[in-house]
Amino acid sequence: MAQPVVASPGNVLIFDTTLRDGEQSPGASLSVAEKVKLARQLARLRVDVIEAGFPSASPDDLRAVQQVAEALGDMPHPPAVCALARAIRADIDHAWAGVKFAAHPRIHVFIATSDIHMRDKLHMDRAAVLAHVQDMVAYAKEYCEEIEFSPEDATRSDPQFLYQVVATAVEAGASVINIPDTVGYMTPDEFGGLIRGVGENVPGIEHAIISVHCHDDLGMATSNTLAGLQAGARQAEVTINGIGERAGNAALEEVVMALRTREDAFNLRTDVDASQIARASRMVSNLTGIPVQANKAIVGANAFAHEAGIHQDGLLKNRNTYEIIRPEDVGLSKSRLVLGKHSGRHALRERLAQMGYELDSERLEAAFDRFKELGDKKREVTDADLEALIADLFYQPREVYRLIDLQVVAGRSGMPTATVKLSGPDGEEHVRAAVGAGPVDATYRAIDSIVPAQAELLEYDVHAITSGIDAQGEVSVRTTDGKRVFRGYGADTDIIVASAKAYLNALNRLLTRQERRNDEQTLS
Ligand code: KIV
Ligand code: ZN
């Protein structure tokens with residue numbers, strides 16, 4: 001049997017929950033293939049544990065966990081694969097079905113322990129919760145060597161009861177005890193104190209690793225996580241770009257780079273390969289459609305941009321004047337693949353393989369065509385351009401409606417007008433024109449007059465992938481049909497075309513989901 005994951009004294013295990021808590025961000029739902037792709041990037045990043053999903057939530061969640069578990073087997077450093085389960089038998093059965101083929105399987109059992117959750121959500125008293133913890137951790141342990149237990153809403157639980165619950169979980173076989181700040185309520189001092197309290201008051205805790213899981217409702221998730229580690233926790237639960245339920249989770253890149261940059265203060269290390277951070281961040285933002293705010297620490301577009309003259313002058317004299325992290329350390333090298341008559345398929349395949357994309361010949365051909373098109377429009381094709389190209393080509397929903405052509409007239413006088421040509425589900429072509437407040441609005445109105453989807457645009461975000469006048473624009477949108485949120489993504493050197501692609505992408509997701517629901521209803 002594979003050895004359980006353990007932390008050595010100064011080492012912090014990085015438990016990435018982008019695929020589970022991160023995926024709980026509204027509109028962030030990922031397909032099975034997208035989850036596998038992200039999991040492979042997380043393995044390249046060398047996280048210790050991937051929480052791949054909550055298999056009881058849906059058959060797709062179960063399938064995703066299974067496929068992640070299988071897909072990591074051939075990686076050089078396969079992380080442990082973990083599945084979440086409520087403290088009930090059916091969930092634990094599903095969780096085990098998800099992870100059992102992983103090199104290092106882990107089941108994560110949770111139950112709420114705060115008075116408000118026990119009374120108003122679970123309708124259970126303390127004695128019943130304690131009995132459940134004992135029985136369900138022991139039940140999970142029959143399947144799996146490595147069991148993690150979380151008392152949900154730990155930070156609003158009575159500490160004495162919390163210690164009792166944790167002691168029961170350890171006694172029943174949990175080897176990782178996670179203390180979640182479920183509602184992002186505590187201050188760093190309080191959270192550090194709670195972790196110290198668990199370390200000092202729970203019999204048997206020396207046989208377990210203490211983990212921390214902090215939400216960002218008050219903007220303190222990273223500080224709380226670091227305070228927990230300083231107080232003795234040796235596992236941090238984080239997500240790429242800090243995505244997650246509500247305001248999100250502690251961001252992996254912030255926790256890892258804080259530990260690394262201020263090793264003098266923390267005296268703690270991780271095994272993360274920081275040079276993979278930028279790629280992981282872009283991948284998560286492309287796949288989920290959740291843009292990274294420009295001033296986001298470590299991965300924001302402005303994180304390494306120096307605007308003030310005094311700063312630029314200082315930097316030129318000595319980088320350390322204003323730079324505490326080198327952009328190359330997180331993978332923001334200016335690696336460029338220059339397109340010219342010598343840049344053929346081989347060069348493209350090599351570069352994509354270095355970036356972790358192994359394409360079969362059909363996909364390589366499609367990527368190469370796009371690469372050439374892009375090369376005609378841009379002087380240099382960077383890694384970021386290639387990431388966008390791959391996301392635009394291969395991580396899209398089924399194209400129910402496809403953009404064939406777009407023509408826009410805009411300017412200061414007159415009425416912004418867009419003419420759109422789309423191909424529909426049966427290959428038929430539709431051409432419509434519309435007038436709008438601006439060129440994007442006109443384009444979206446023209447699309448709306450063709451596509452039979454009732455969608456409201458919630459969010460529109462555009463930014464340049466690289467610097468320079470010939471940069472590609474990348475557009476993320478979020479739309480809703482009133483019940484669910486659908487994201488869309490598009491990239492192009494023409495931002496109106498990128499906008500049209502992103503909107504169509506979101507509408508195609510909506511239509512595909514409606515079709516699936518209609519099929520399910522017909523079957524039942
Ligand atoms: O925030 C939370 O409490 C959770 C638990 C399931 C660990 O995500
Ligand atoms: Zn959480």
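The values are calculated or read from the model by the stated rules, or taken from the named source; none is laboratory data. Keep in mind that this is a model prediction, so the values were computed, not measured. Glycine gets a Cβ as well: all are built from the backbone with ideal geometry, and neighbour counts include every protein chain shown.
On the given criteria, is Val133 within 15 Å of ligand 1 (Cβ to nearest atom), closer than 20 Å to Cys82 by Cα, at pLDDT 95 or above and among the β-branched types (Val, Ile, Thr)?
Yes, satisfied.
Is it the case that segment 226-236 has a residue that's among the charged types (D, E, K, R), away from ligand 2 (no atom under 13 Å from the Cβ), within 17 Å of Leu194 (Cβ to Cβ) and at pLDDT 95 or above?
Scanning segment 226-236 turns up at least one residue that is among the charged types (D, E, K, R), away from ligand 2 (no atom under 13 Å from the Cβ), within 17 Å of Leu194 (Cβ to Cβ) and at pLDDT 95 or above.
Every residue in segment 8-66 that is among the hydroxyl-bearing types (Ser, Thr, Tyr), under 22 Å from Ile209 (Cα atoms) and touching a Ser or Thr at 6+ places or on another chain (Cβ under 9 Å), please.
Thr17, Thr18
Read through the list (1) part of a loop (DSSP other than H, G, I, E, B); (2) touching a residue at least 40 places away in the same chain (Cβ under 8 Å); (3) away from ligand 1 (no atom under 15 Å from the Cβ), then give the number of the only condition that Val68 fails.
So Val68 meets the others, but not (1).
Specify which of the listed residues (Ala221, Ala247) is surrounded by fewer than 21 Cβ atoms within 10 Å (Cβ to Cβ), touching a residue at least 24 places away in the same chain (Cβ under 8 Å) and within 12 Å of ligand 1 (Cβ to nearest atom).
Ala247
Inside segment 413-431, can you point out the residues that are more than 12 Å from Tyr401 (Cα to Cα) and buried (at least 16 other Cβ atoms within 10 Å of the Cβ)?
The answer is Pro416, Thr417, Ala418, Thr419.
Among the numbered criteria (1) at pLDDT below 90; (2) on the phi > 0 side of the Ramachandran plot, which single criterion is violated by Gly427?
(1)
Restricting to segment 119-176, name every residue that is over 31 Å from the mean Cα position of the chain (by Cα) and at positive phi.
Matches in segment 119-176: His123 only.
Just one of Glu142, Glu148, Glu171 is in the same structural domain as Val212 (by TED's automatic domain parsing), away from ligand 2 (no atom under 16 Å from the Cβ), modelled with pLDDT of 95 or more and closer than 15 Å to Ile209 by Cα; which is it?
Only one candidate passes the filter, namely Glu171.
Working only within segment 85-108, note down all residues that are touching an Asp or Glu at 6+ places or on another chain (Cβ under 7 Å) and within 23 Å of Phe161 (Cα to Cα).
Passing the criteria: Ala85, His108.
Within segment 178-218, count every residue that is more than 16 Å from ligand 1 (Cβ to nearest atom) and either among the polar types (S, T, N, Q) or under 22 Å from Met257 (Cα atoms) (or both).
Residues that pass the stated criteria total 5.
Out of the strands (runs of 3 or more DSSP E) lying entirely within segment 375-487, which hold 3 or more residues that are over 16 Å from Ser285 (Cα atoms)?
The qualifying strands (runs of 3 or more DSSP E) are 380-382, 402-409, 417-423, 429-435, 456-464.
Against the condition hydrophobic (A, V, I, L, M, F, W, C) and either touching a residue at least 40 places away in the same chain (Cβ under 8 Å) or in a strand (DSSP E or B) (or both), how does Leu348 come out, does it pass?
no
Please state which one of Pro4, Pro55, Pro79 is out of contact with any Pro (no Cβ under 6 Å at 6 or more places or on another chain) and at pLDDT below 95.
Just a single option satisfies the conditions, and that option is Pro4.
Take the residues in segment 234-244 that are in a loop (DSSP other than H, G, I, E, B) and within 14 Å of ligand 1 (Cβ to nearest atom), then tell me which one is farthest from the chain's Cα centre (by Cα).
Among those that are in a loop (DSSP other than H, G, I, E, B) and within 14 Å of ligand 1 (Cβ to nearest atom), it is Gly244.
Anything in segment 14-40 that is away from ligand 1 (no atom under 16 Å from the Cβ), of a type in the set (Gly, Ala, Ser) and not in a helix (DSSP H, G or I)? List them, or say none.
Within segment 14-40, Gly27, Ser29, Ser31 meet the criteria.
Of everything in segment 108-143 that's small (Gly, Ala, Ser) and farther than 17 Å from Asp158 by Cα, which residue is surrounded by the most Cβ atoms within 10 Å (Cβ to Cβ)?
Checked segment 108-143; the qualifying residue surrounded by the most Cβ atoms within 10 Å (Cβ to Cβ) is Ala140.
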